[in-house]
Structures are given as C-alpha cells and as structure tokens.
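To start, the structure itself, in structure tokens.
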Amino acid sequence: MKPTTDLDFGERFYLREAVKGMGVIARHFWKNLLGFRDPNAEIMQRKGPGVNMVSTMNYPEERKAYPPGYRGMHRLVPRIDGKPRCVACYMCATACPAQCIYIEAGEYDDQAIEKYPVRFEIDELRCIVCGFCVEACPKDAIRMDTGTHAPAVLSRPLAVFDKEALLQGPAVEHPSDLMTYRVPLRTPSADPTAGPTSRGDVKDH
Amino acid sequence: MIAETPSARLASEDFGAKAGVKPSYGSWLFGTIAGWGAFLGFLLFISWFLLALTRLCIWVGDQIPLDWGLSPAIGTILALVLVLVMITATLLTMADRKWSALMQDRVGPNRARLSIIPGLKDRPLHGLPHILADVLKMLFKEDFIPEGAEKNKFLFNLAPLLAFAPAFMLFAVVPVSPELTFWGARMQLQVARVDWGILYVFALASVAVFGTALAGWTSNNKLALLGGLRASAQLVSYEVTLGLTLVGALIVFGSLRLDVMAQLQGMTEASIRTAAALANRSGDFLVHDDSVIFGWLPSWGIVFQPIGAILFLVAAQAEIKRAPFDTPEGESEIIGYFLEYSGLKSGLFLIAEYAETVVVAGIVTGIFLGGYHLPWVEPTIVRSADQWLGISGFSWLAVLQVFSFIVKMLFIIWVMFIARWAFPRFRYDQIMRLGWKMMLPVSLANVALTAFVYLWGGRDGLAIMGLLEWLAIFSFVALSSRPHLPEPAHEAHH
Amino acid sequence: MTDTDQASALEAENDPLAVEAEIPHSLMTMNLGPSHPAMHGTVRLTVTLDGETIVNSVPEIGFLHRGFSKSSENSTWHQVLPYTDRLNYVSPILNNTGYIMGVEKLAGVKPTERAEYLRVLGGEISRICDHLTCVGAIGLELGAFTVFLYAIEARELLWDRIAELCGARVTVSWTRIGGVATDMPPGWEERLRDCLPRVVELTNEIDTLLTRNRIFVDRTRGVGVIGAEEAIDYGFTGPCLRACGVNYDVRKAHPYSVYDRMDFEVPLGSKGDTYDRYVLRLEEIRQSHRIIEQCLQQMPPGPIVIDDWRYALPPKKEVFGSIEGVMAHFKLIMEGMLIPAGEVYVYTEGANGELGFHIVSNGKGKPYAIQVRGPGLPILSALPRLIQGHAIADLIPIFDSINMIGGEVEQ
C-alpha cells in the first residue's frame, strides 16, 4: 500500500489545515480548561463528568505505585526467624552482569543452616536492575519486590547497601526449606507464599 | 536532615504511592463558575482602574498651577503602557506556559511557592509565583558579555533596548476607550491622538528590526549572526504586506487615525445619547443601535475586510517573530539571535516578544474587531444603567467598553498562541515565498477589490463583499476532500 | 579568504563596468553538537555553510560508544541481554528478540508458542513507541511542540504497559533462550486494550496537525531525497528504505517468529524524502496496532519458556525442591548456557530497519564474538549526502526522520 502524499488544491492554501490543526489544539485547551484533573495514578482510569484530558502527575506529591512485577530496589528475604535466607552461594554475584554484588560467606556453628553471608553488599549505583540475581537465586533469598527504586544518595559510599539495610520485608518460607534445615524452624504454614510476589516467587507450591 | 547510614537513609525516604484527592463534580462546577466569575470581575476592575488612574493623573495635573496639558498624556501612558501592556505582557509569560500546558494535556509549571508568606507555604497558586521567580531569576543572573562581543559592547547593550522600547511605544496610538466623560473630565484612553496613527505603527515596527539585527551581529556568534540575518530579511519583507493589508481598512474608514477607525465601528457618544433619549420617550427597553449594517451586522472592520484581517494577523505574527514564523529564533536549528545574552538582557528580548503580541492584538482589535465597541447594546446599557448607584450611564458604558476591548484583545492573543503551539516552523526561504509570492499579491488584490467595491457600492457594498468573502472562506475551510481518519478498531475482540 | 582575493574583489567593486563583479564571500564552518538541541545529544556535525546552504558536513559519532562487542565477549549468553537493551533504547524488546533468536538458532531450540506471540506483541508495542518518538521529535524540532507531547503521552501509556509486562520501562531484558522471562500479568490484556485506542487517537491528532499541513509538507517534501538504488547501496533498511519504494520488510520478506500468521501491510513511499519517511512511520504505527490486536486474539495458552534444562533455567519449584533442579540451575548460572559452537547471522526487523546479530560461539558459556548490524549506522553514514545542498534548517527534519538512535549506531 502507498500512502497518498500529494496536497490537494485546498490544502495548498494553508488556511484549511491551519484551522483544522488549531481546532485540535483548541479542543484540548477548552476541555482541559473547563474540566478538572483527576489525580488517579492510572491515567486510563481518569474518566467521569468534568474530568479533563490532563495525563500528568504532580510527582512528589502524587506518586504512582510501581506495578507488581516491577524490578525495584533489592531486598534480602528474611527467614521466619529473621535471619536472611541467603546461604552465600555466590550465584547472584556470578549472574550479575554489572558485578554489583559483593558477598563474604561465613559459617554458623549450631544453626539450622550451615552457611550464611557475613557481608552482603549491593552497590546500587552499579546495579542495572536486570533482575538476573533474583532469577539466579536458588533459595528465593533475594527479591526486587520492594516497590521502590534505589534512593538518591549524596555520596557514592551511601549507595552501597549492606546486609542490614537490605534485610527487610516479610519473611518467606517454602515447604522445600524443610529438607535443607537440620532442625526445622517450625511447621510450614498453610499459605507459605503470602507476601509480595516477584519473578523469583513460586506460585505453584 | 541527611541520614548517615544507608539503612537509615532508606528508612527516611517515603516511596509509597500517594494519590491526590479527586474533586467532586459539584465542587468542580462551583470552582469553574467562581473562577470565571473572578476572572471577569478582575477584568472589569482593571477596566475601571485604567480609567480611574488616568482620571487621577488629570486631577493631579489640575492641582498643579502649571498648565502644560501633559497630565492626560502622562495618565494614559501610566494606565496603558505601564499597567495594561506591561502587566498583560508579564502575565503572558506565564499564560504562554499555562495555556500551552492545557493544549498539551499537562498541568504546567506549578513548583514555585511563596514560602515566606505563612498561609501560602504549600500552595502552588496555579503557578502564579513563577512570574516572580522568573523576574528574580533574570535580575540576579550574571550579566555575562562574551569576549567576542566586548569590542561592540555599546551596540551589544543597545540591542535589547532597541528590541524592547518600540514594542511599548507602539501602544501609544491604540485607542482603548472612546473620548468620554469620567468623573467630570473629558478624557480618552489613548496616549497620542495623531493624524499619522497607522504610519507611526509602521515606522516603529521597522525600528524593532534594528534590535534583532544588532543583537545577532554584535554577539559575534555564528548562530546568532544567522538569526540576525534571518530576522532582518524577514522583518523587512513582511512590512510590505503589513502595510498593504491595512490599506483596505484605510479605504473603508477613510482615516489614518486609529481612534477614528475604532469610533466608526460603533455608535458615537452623541448618537447614543440621542437614541437613549428617544427610547426614554417611547418607553422601549431595547434601544436600536443605528451603527449596525442591514439592521443586525456590527460594522466592524472584520466584516468589511476579512481577507485583510487574516492577512494582517499573519503578517503581524511574522513581524513579531512568533511561531510559526520564528526562524530568527529557531531554537532547534540556530539557537536564536539572542543566544549570547544572559540575565535581564535576555529577559528584555523575551518580554518584548510578549509586549509585541499585546500591541498587535490591540491594533487588530482597534481596526478589525470594533475596538472598544459593544455591538447592539450600547444605547441600552446607557439607558438602563443610568444613575445606577448615582453614576451616569456613560461611565458604566465606559468601563464596559474598556472591558470589551481587553476581552477582544485577549481573544486575539489566544488565537496567536494557539497558532504558535499548533504549527511547525517555516523555513527561511518559504517565509520569503509566502510573503512575497502569496501574501503580497493577495493583499494587493484585496486593495484593488476594496477600492473598486467602495466606489461602486459604498459601505454597504463592502459589507456584502465581506460577507461573501466570509462565506467563501468558511466553505473553503469546511469542504475537505480528504476522507476522515479511520476510527480505532478496538471493540471487535472484547 | 586571502588578501589577494580581497584585493581583486575590491578592484572589481571599484570598476564601474564590472556589473558581474563577484561579491566577496567565504564559507563558514560551524559545529552542530554534540550538545545541540537537534543532535539528540550524541552526535557532532561539522557543517560547512555557504550562507545557509550546507556545502559539506562531517558527522562524528562515538560519544555514546560503550564497547558492546567486547563487553559481550566477557558475559554469559544471558548477561548480554542488558547490553542489547541499550542498543536501540527506545524499542529494547526488538533488540532482545533479535539477539535471543540468534542464540536459539545456534542452540537449535525453538521457543514455545506463547513466547513467540509474546515477543511479537512486545516487539510491536516497542515499534509503536519508537515510531512515536521519531514522529514526535520531527514535530518538536520543527517547532510543533504539541505534537511531541502528544506522542510522548501515547508512548508513556505503552511504556507503562511494558513496565507491567517486563518489570521495567526501558531496560527490559525480557527474552530468555527458549522463551521470555515473564508472562502477561492478570488484567494486563484489558489495560492494553484500554490504552490502545487512546494511542490511536493521539496518533490521529498528530496526523491532523502535521500530515496535510502545508507548512510541514513544505519543510519535508523533497527534502533529503534519496533514490532506491542509492539507498540500497548505502545499506538503508527499514522505514527509510521503504520510503524509497523498495518493498523490503524482514517481517514479510523473511518471516520469522509468528509474523507469517499476522495480517498486516507494509506501507511504501515513493519519493524517498523526509515526508515519506514520516508518513511511513505513522502508517506503521497503525499496522503495528493491527498486529497487536491479532496477537492478543491468537495468543495460545501454555508455558512461556521451554523445558530444556540445557538452556533454560529450571522452574523454581525444581530448583528449590530437587537436587537435579538445583544442579542444572547451578551449572547454568555459573558456567552459562553451553551453546554449541558455530556461527550465525540473524536479522530481524528493528524499528529503524534490519537489526542483524552476527554471533560466534565456541561452545563455551560465553559468546566468542558478537557483532551488531545496527540499522542506524548505514543510514547515518548517508547523512552528509542527504543534507548536502539543503539549507541548515532542512538538516533538522532530515536528521530526525532517519531517527538516529545513539545506542545502536555507536554500540
């Protein structure tokens, strides 16, 4: 198919298309002037009597929640006893294309799990938010489901998040965890995956 | 407070989604009506204020024993140039951004706050504080003169003034009100009632080109030089069309004086008085306005000269370098003739552009849109408002006339802004082609046709010609050979 | 201008009989960019001007060079994906798809049916985004700012949908060997169907504002003309080539993925000028919209990634619960996917033209070499030819209409 590209006689006189174009703009103008802005973060849902076509947000005052699967700031997922699920296997650090994860492994003496990260640091300035660490984790120990982005910092060292800063959010437990614990922490609950979901989450348990 | 550790830092940030509150339909309706009411009330107040300010100056002049007769002129300069043009131009800097935001589905600037005033700490006030913020920004910015411009420092500094001053001087001949009696004094809201009104407009419009050309040349910058060159060629070319489009209006009104032109588009004070007196005797409520043609058509310039009016608006848009004729600025190609200016000098160029917009709108209103005249209702207003609150009907009418002038002016400004945001920019040679090969012949033909029709049929003949022209323009615009765009086919799979 | 030139010019000026005396003039050299409003931030043009006419121009690229090829050699096959996001950063899903198709060809695996449809769906949304950006930029830099904001408004709606689908707005890294990373979230299809009419409406408004407006037509018609022969010689592909009337669209000429099941048309231009390139992009937005509708209609249920533990990560259930799963997972992460040795060139229809990936594998977990044939580079190389003899104001629409994206040109 070929789009028609020749102007007809009337269009060569500027005026007709000028009026049409100004009509489009004027329609927006009056509709927006006489209506009010619906601050609904979901722009397609800004409907109703009197609502105009403005499709922006007043950012710091109004914020849109990131969608559920959004790759945001990392978190280290805690076990139900509050310790990180991480077993310091270095898989996330290996999978990371930006090499932003630094791990130092340590050993528990008498805990249910043998290995744990002594240091677990993520440089959020290096992070490219690809989510490969979440995919790589065999323990569901790192997720990007915080629904936030990495905060702005005033100096580079502040962007390096340590284990304490990363360990947050609801605890997660999988039935398969039982196999890896020497001593069960507790009997698994009825709904083990309650809490935020993410790409690394297991839906069919 | 800056948090020390990353975790504290993270905790101090609030990333939660927050939604504003959707206003209810009723409050929106109320707000809209109240807002429009306040806007119209403000315009009415300004109209009264302009008259009162001039009257005050006349009163002050009367108290001074020296009789130089300057007080009305000083009063109108204060009222029109400093209040009307300056304030409108200042507000337009904001309106340009807010209106463009409305056209583009945005909110527009609203971040500036008047935090020092306690009650206004977190109120955006629809972005109005930005005017103040912009002024302060331009005042306090470093006034930087590039090394290349040092040797022409005088001309470099002169250029913004040459661009700025003519814009304001132009308003001297624009009549904002008829000659009227206000609080016992004869006065008129027009700075200079001179026989060479239109010629003055053309002459001063030409002066503005010096500012632009000088700015481009003295900046010693290649991009600015290109801008200056484009500006000088464009401005000189469009002066021809600008002049010729008004010749038709000169034929219609038979005068170079803008106040006479404006006066002829409605009833004179004397005829209003007569009509009102006659109506008083016969007891009619509606008083016939005898200035209308065929008994219903306001005798505005735009009725006699549709083509002249449209061409004049376009040529004026080119003359003041507003988009789509903003090649001298052309911010995506050459950054513009004022590229090397900073601080308030740059601000002068920008505000001059808005002031020129106001002036052009004022001239168009005065010549083509009936000036300060309200069609059909002038005698009725005088008759029914007479002695209301102890003020004569003519004073009420005067305020309403100034109000109508301002409203018409704002409408023209709005149209110019719509055009500014709707169209792409011309190329430099296409502007020349449009000016010399399309607009100039058409305006010449318009002059010839107007003269011929005037000799043949007088004013009524011109009115018939104008109506036919309007008919032709409307049908030309409405009849499009291009099929409508396809509707989105999205409902099929639901 | 030398002194002798000046002297002879002055002499000629003083000669009353020399009516044809040459006005002394010289050429002006000017730098446009790298920070110039029309240069999209990343390219420098040194133009030689005669008055306002461009005599000669030299584009200089490399301000956005990131060493894509070399970086890829040090990454596992999946780790290259984020680099491909940043090739054409306006339509990353198309790059992801192109790259991963090459790896799949080497590995000899076929993605699942649903993943194919998802890739086409995401790719066409990305294509709309890319074309909207280009059309908007043409409007913006010609002075029609409103057009740009309408385009951005539409693009924003689509990017929101992409964020819901892929987990990121621009840097999606969405495809995987044998499938894609995430499925459509619940309710996503309805949201997409909701916002597509608005996108079409805004596109139509852009159409009304620009396409038949004589100011715009004068600015773009006959500007930056290139003939079909010459365009092929330069290596043009995509909308810029089709604007010359050459019917070459990889989606039609060599259908890949599920494009052979889609009913769409390839719009063609005739003159090969800026206007045709603009009109083509608008029309392709409409065609992409058709493809999206068909994708949504035909989308089969099923897995989004193959169940082949040599190349695709095992499902998390297996990783958490079985020793086989965790071992396969460990091998895939630590070593990378062991793609069989070989060499492959895969070409897909990117938003700006044929996006080719030449991938060499030596059987290890990392690519041996990857080269990209970005569609932008050959087109940009023709820029001096396109703008020669035009006014400096024409440079803007020409440069916009070829839609140079720094990421894919400079890699």
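The values are calculated or read from the model by the stated rules, or taken from the named source; none is laboratory data. Since the model is a prediction, treat every value here as computed from it, not as a measurement. Please note: Cβ atoms are built from the backbone with ideal geometry, for glycine as well, and neighbour counts cover all protein chains shown. Surface accessibility is based on the protein's heavy atoms, side chains included, excluding ligands, DNA and RNA. Shrake-Rupley method; radii C 1.70, N 1.55, O 1.52, S 1.80 Å.
State whether the residues of region B:184-199 include one that is in a helix (DSSP H, G or I), of a type in the set (Gly, Ala, Ser), touching a residue at least 40 places away in the same chain (Cβ under 8 Å) and open to solvent by less than 60 Å² (accessible area, probe 1.4 Å). Yes, there is a match, as at least one residue in region B:184-199 is in a helix (DSSP H, G or I), of a type in the set (Gly, Ala, Ser), touching a residue at least 40 places away in the same chain (Cβ under 8 Å) and open to solvent by less than 60 Å² (accessible area, probe 1.4 Å). Within region B:121-147, if we keep just the residues that are more than 29 Å from residue B:50 (Cα to Cα) and assigned to a helix (DSSP H, G or I), the residue that is least open to solvent (accessible area, probe 1.4 Å) turns out to be B:137. Looking across A:17, A:107, A:62, one residue alone is open to solvent by 50 Å² or more (accessible area, probe 1.4 Å), free of Cβ contacts under 8 Å to residues at least 60 places away in the same chain and either closer than 30 Å to residue B:99 by Cα or more than 10 Å from chain B (Cβ to nearest Cβ) (or both). It is A:107. Just one residue in the set B:336, B:366 is in contact with a Pro (Cβ under 7 Å, 6 or more places away or on another chain) and within 14 Å of another protein chain (Cβ to nearest Cβ); that residue is B:336.
Within the set B:344, B:374, B:350, B:339, the sole residue that is hydrophobic (A, V, I, L, M, F, W, C), more than 23 Å from residue B:90 (Cα to Cα) and either open to solvent by less than 40 Å² (accessible area, probe 1.4 Å) or modelled with pLDDT under 90 (or both) turns out to be B:374. Among the candidates B:256, B:278, the residue that is without any contact (Cβ under 8 Å) to a residue 24 or more places away in the chain, of a type in the set (A, V, I, L, M, F, W, C) and open to solvent by 50 Å² or more (accessible area, probe 1.4 Å) is uniquely B:278. Among the residues of region C:248-277, those identified as in a loop (DSSP other than H, G, I, E, B), over 14 Å from residue C:238 (Cβ atoms) and either open to solvent by less than 50 Å² (accessible area, probe 1.4 Å) or at pLDDT 90 or above (or both) are C:256, C:257, C:258, C:262, C:264, C:273. Among the residues of region C:199-222, none qualifies, meaning not one is in contact (Cβ under 8 Å) with a residue 12 or more places away in the chain, touching an Asp or Glu at 6+ places or on another chain (Cβ under 6 Å), more than 14 Å from chain B (Cβ to nearest Cβ) and in a loop (DSSP other than H, G, I, E, B).
Step by step: first the residues of region A:118-140, then only those that are within 14 Å of chain C (Cβ to nearest Cβ) and farther than 20 Å from residue C:77 by Cβ, then the one that is surrounded by the fewest Cβ atoms within 10 Å (Cβ to Cβ). Which residue is that? Out of the qualifying residues, it is A:126.
Restricting region C:163-188 to residues that are more than 23 Å from the chain's Cα centre (by Cα) and either at pLDDT 90 or above or open to solvent by less than 10 Å² (accessible area, probe 1.4 Å) (or both) leaves a set whose member that is nearest to residue C:103 (Cα to Cα) is C:178. For the list (1) surrounded by fewer than 16 Cβ atoms within 10 Å (Cβ to Cβ); (2) in a helix (DSSP H, G or I); (3) among the β-branched types (Val, Ile, Thr), I need the number of the one condition that residue B:181 fails. Failing condition for residue B:181: (2).
Where helices (runs of 4 or more DSSP H) fall wholly inside region C:303-393, the ranges with 2 or more residues that are away from chain A (no Cβ under 12 Å) and either in contact with a strand residue (DSSP E or B) (Cβ under 6 Å, 6 or more places away or on another chain) or charged (D, E, K, R) (or both) are C:383-387. What about residue C:282, is it within 30 Å of residue C:111 (Cβ to Cβ) and assigned by TED's automatic domain parsing to the domain that holds residue C:94? No; evaluated as a whole, the condition is false for this residue. Residues in region C:34-62 that are in a loop (DSSP other than H, G, I, E, B) and open to solvent by 30 Å² or more (accessible area, probe 1.4 Å): C:34, C:35, C:37, C:40, C:41, C:51, C:52, C:61, C:62.
Going by the conditions given, is residue A:79 basic (Lys, Arg), at the interface with another protein chain (Cβ under 7 Å from one of its Cβ atoms) and open to solvent by less than 30 Å² (accessible area, probe 1.4 Å)? Taking the combined requirement at face value, the residue does not satisfy it.
When residue B:89 is tested against (1) assigned to a loop (DSSP other than H, G, I, E, B); (2) open to solvent by less than 30 Å² (accessible area, probe 1.4 Å), exactly one condition is not met: (1). Taken over region A:27-45, the residue count meeting the criterion of being within 7 Å of another protein chain (Cβ to nearest Cβ), open to solvent by 20 Å² or more (accessible area, probe 1.4 Å) and part of a helix (DSSP H, G or I) is 4. Only one of B:242, B:225 is among the aliphatic types (A, V, I, L, M) and within 28 Å of residue B:308 (Cα to Cα). Can you tell me which? After applying the criteria, what remains is B:242. Assess whether residue C:126 counts as being over 12 Å from the mean Cα position of the chain (by Cα), assigned by TED's automatic domain parsing to the domain that holds residue C:339 and of a type in the set (Ser, Thr, Tyr). In short, no. Quick check on this structure: which one of C:365, C:325, C:342 is touching a Pro at 6+ places or on another chain (Cβ under 9 Å) and not hydrophobic (A, V, I, L, M, F, W, C)? Exactly one of C:365, C:325, C:342 is touching a Pro at 6+ places or on another chain (Cβ under 9 Å) and not hydrophobic (A, V, I, L, M, F, W, C), namely C:325. When we screen B:62, B:96, B:67 for residues that are in contact with a helix residue (DSSP H, G or I) (Cβ under 8 Å, 6 or more places away or on another chain), of a type in the set (Asp, Glu) and open to solvent by 40 Å² or more (accessible area, probe 1.4 Å), the only hit is B:62.
Just one of the listed residues (B:425, B:420) is modelled with pLDDT under 90, within 14 Å of another protein chain (Cβ to nearest Cβ) and touching a Pro at 6+ places or on another chain (Cβ under 7 Å), and it is B:425. Filtering region C:139-156 to residues that are closer than 29 Å to residue C:185 by Cα and open to solvent by less than 10 Å² (accessible area, probe 1.4 Å) leaves C:150, C:151, C:154. If the condition is being over 17 Å from residue C:218 (Cα atoms), more than 11 Å from chain A (Cβ to nearest Cβ) and under 18 Å from the mean Cα position of the chain (by Cα), then region C:257-287 contributes only C:285.
A quick yes/no check of all residues on (1) in contact with a helix residue (DSSP H, G or I) (Cβ under 7 Å, 6 or more places away or on another chain); (2) open to solvent by less than 10 Å² (accessible area, probe 1.4 Å); (3) without any contact (Cβ under 8 Å) to a residue 40 or more places away in the chain:
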{"position": "C:279", "(1), (2), (3)": "no, no, no"}
{"position": "C:300", "(1), (2), (3)": "yes, no, no"}
{"position": "C:305", "(1), (2), (3)": "yes, no, no"}
{"position": "C:308", "(1), (2), (3)": "no, no, no"}
{"position": "C:317", "(1), (2), (3)": "no, no, yes"}
{"position": "C:360", "(1), (2), (3)": "no, no, yes"}
{"position": "C:369", "(1), (2), (3)": "yes, no, no"}
{"position": "C:373", "(1), (2), (3)": "no, no, yes"}
{"position": "C:376", "(1), (2), (3)": "yes, yes, no"}
